[in-house]
Amino acid sequence: MKSDFDRHPLELLTADEIDTARIVLDSAGLVGPDVRFAYLGLEEPSKQELYGMADAASIDRRVRTFLLNVRTGVSIDALVNLTRSTVERRRIIDVVAEGQVPVLLEEFDSIEEILALDEGWCASLRARGLTPDDVKVAPLSAGVFDFPDEAGKRLLRGVPFLETARGRSCLGAPDRQSGCLHRHDRVPRRSTHRPRRRACPGRIR
């Protein structure tokens with residue numbers, strides 16, 4: 001059986017390689033109780049490296065990851081060399097110029113609880129004869145629209161779906177009349193409500 005580091009450079013990451021990446025990042029002081037993995041994936045070698053490859057072991061396996069500190073809002077782009085167990089590169093992401101890292105799973109879990117405490121959101125639902133328990137909210141990328149008060153902030157666009165029956169998927173019943181824009185970059189968290197907006201392709205927000 002091939003070892004992880006005898007694999008072809010383009011083969012998918014294994015569970016052991018993902019564990020190794022986390023251990024290396026932890027040893028470098030980049031992982032902690034407030035840090036989340038927003039993305040982790042194989043960093044593919046260049047075509048020049050692949051074309052000149054004599055064997056799979058001649059090219060180091062690398063992982064690229066985006067880390068988000070949910071307390072400070074700082075995002076880090078790190079490159080881990082699995083073959084040598086080192087962090088080859090780390091840098092703080094300029095979220096104003098480059099955008100935010102992807103939405104976290106825990107943000108899917110928390111947004112409904114946060115919105116349920118917001119009077120503006122609850123009033124919008126009441127106007128439609130609904131309560132927070134009647135809808136499921138999907139936090140999606142808010143897009144980049146160059147509003148001065150939004151620069152550098154972690155914003156999520158909440159898309160509500162009407163839950164018509166327990167145990168039945170709500171994804172087929174979006175509430176097209178309501179929506180929210182939620183700021184998710186500070187504690188205590190605050191919600192604001194604005195008109196629906198179009199998605200902005202090409203930027204991670």
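Normalising the Debye intensity of the stretch 4-93 to I(0), with uniform scatterers on Cα atoms only, and taking log10 at q = 0.25 Å⁻¹ returns -1.26. Using the Karplus relation 6.51 cos²θ - 1.76 cosθ + 1.60 with θ = phi - 60°, the per-residue 3J(HN,Hα) values for the stretch 83-88 come to 5, 9, 6, 9, 8, 7 Hz, with x marking Gly and Pro. Within the stretch 77-124, the trypsin sites (Lys or Arg not before Pro) that combine a DSSP coil assignment with at most 16 other C-beta atoms in a 10 angstrom radius are ARG84. Listed values for the stretch 63-79 are Karplus-derived 3J(HN,Hα) couplings in whole Hz (6.51 cos²θ - 1.76 cosθ + 1.60, θ = phi - 60°), namely 10, 10, 9, 10, 10, 10, 8, 6, 8, 9, x, 6, 10, 10, 9, 10, 10, and x replaces Gly and Pro.
Since every read-out is calculated from the coordinates, none of them should be taken as a lab result. In this text, all values refer to a predicted model and were calculated from it rather than measured experimentally. Cβ sites come from the backbone with ideal geometry, for glycine too, and all protein chains shown count toward neighbours.
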